[in-house]
1. Which number in (1) closer than 24 Å to Ile84 by Cα; (2) of a type in the set (Val, Ile, Thr); (3) surrounded by fewer than 17 Cβ atoms within 10 Å (Cβ to Cβ) marks the one condition that Val165 misses?
2. Does Thr70 count as of a type in the set (Ser, Thr, Tyr), at pLDDT 90 or above and open to solvent by less than 20 Å² (accessible area, probe 1.4 Å)?
3. Looking only at the range 29-51, count how many residues are at pLDDT 90 or above and open to solvent by less than 80 Å² (accessible area, probe 1.4 Å).
4. The conditions are (1) under 24 Å from Thr56 (Cα atoms); (2) open to solvent by less than 50 Å² (accessible area, probe 1.4 Å); (3) assigned to a loop (DSSP other than H, G, I, E, B), and Asp205 fails exactly one of them. Which is it?
5. State yes or no: is Ala182 more than 21 Å from Thr113 (Cα to Cα) and in contact with a helix residue (DSSP H, G or I) (Cβ under 8 Å, 6 or more places away or on another chain)?
6. Being open to solvent by 40 Å² or more (accessible area, probe 1.4 Å) and touching a residue at least 24 places away in the same chain (Cβ under 8 Å) is the filter here, so list the residues in the range 182-202 that pass it.
7. Pairs, please: C-beta under 6 Å, at least 6 apart or cross-chain, first residue modelled with pLDDT of 95 or more and in the range 105-133, second among the charged types (D, E, K, R) and open to solvent by 30 Å² or more (accessible area, probe 1.4 Å)?
8. Looking only at the range 106-127, which residues are buried (at least 19 other Cβ atoms within 10 Å of the Cβ) and farther than 16 Å from Leu12 by Cα?
Amino acid sequence: MTSRIRVASYNLRGLKDDAAAAAEVVRRLDADVLLLQEIPRHPLSGARIAHLARRTGMVWSGRTRRLSGTGMMTSRRVIATDSIDRKLPVAPRANPRSYTAAQVRVPGGQDITVVSLHLSLLADERLAHARQILDELAAAPTLADGPFVVGGDLNESSQGRAWQVLGERLPLVTPDRPTFPAAGPKSWIDAIFASQDLTVLPHADVPLERALVSAASDHLPVWLDLQVASGTF
């Protein structure tokens, strides 16, 4: 017996654009796990994010906005642990960076570690961050065992060193197509990687009109469907 789970990643650009359009994009994705980047971090942002979660029928822990802007929401179809956040070192006066990790389970099924990341604008920092994230996840006692899904805004193309470090450990599982800027995508900088012990299903299209996605954010979302074994854990 198997179940399906959808994991998506989306850079919200701080909800500086049309929040109603962003909510509509999230509803159409209908993800079980939504990896988020650029969650707004100003003191009053919590209410805006909670409102987005309510409008989309998702659950948000509310714990990540002040660290650097990564986070995640989950559907009520899965069981999720509390997310953990890890700060990443950056140059003085640079934008803060972090990653967010949690475990999710389809009821009666397999635990999967899911990670949202947003890498630096600087190439050397991106490479260091990718290595640090993989090393820390491998060493974490509650996250080290079992399958992984890692996704987010890498701020570089598939030719970049950080992208290649991630790809050496975790195969790329989202389509090769540009994700930025949403109004006229030219650069492929958002992606999801998954460990080889997960079964990735054929990519399913989601209707997202150009006017809608360009109103919602400057990034396009990416997503994948996984087949998860049930009844064996």
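1. (3)
2. yes
3. Going through the range 29-51 one residue at a time, the tally reaches 9.
4. Among (1) under 24 Å from Thr56 (Cα atoms); (2) open to solvent by less than 50 Å² (accessible area, probe 1.4 Å); (3) assigned to a loop (DSSP other than H, G, I, E, B), Asp205 violates only (2).
5. Judged against the criteria, Ala182 is a match.
6. Within the range 182-202, Ala183, Ser187, Gln196, Asp197, Thr199, Val200 qualify.
7. Once the first residue is modelled with pLDDT of 95 or more and sits in the range 105-133, its partners that are among the charged types (D, E, K, R) and open to solvent by 30 Å² or more (accessible area, probe 1.4 Å) give Leu127/Arg161.
8. Listed by number, the residues that qualify are Val106, Gly109, Gln110, Ile112, Thr113, Val114, Val115, Ser120, Glu125, Arg126, Leu127.
The values are calculated or read from the model by the stated rules, or taken from the named source; none is laboratory data. Bear in mind the structure is a predicted one, so any value in this text is a computation, not a measurement. Ideal geometry is used to build each Cβ from the backbone, glycine not excepted, and the neighbour counts take in all protein chains shown. Accessible surface areas use protein heavy atoms only, side chains included; no ligands, DNA or RNA. Shrake-Rupley method; radii C 1.70, N 1.55, O 1.52, S 1.80 Å.
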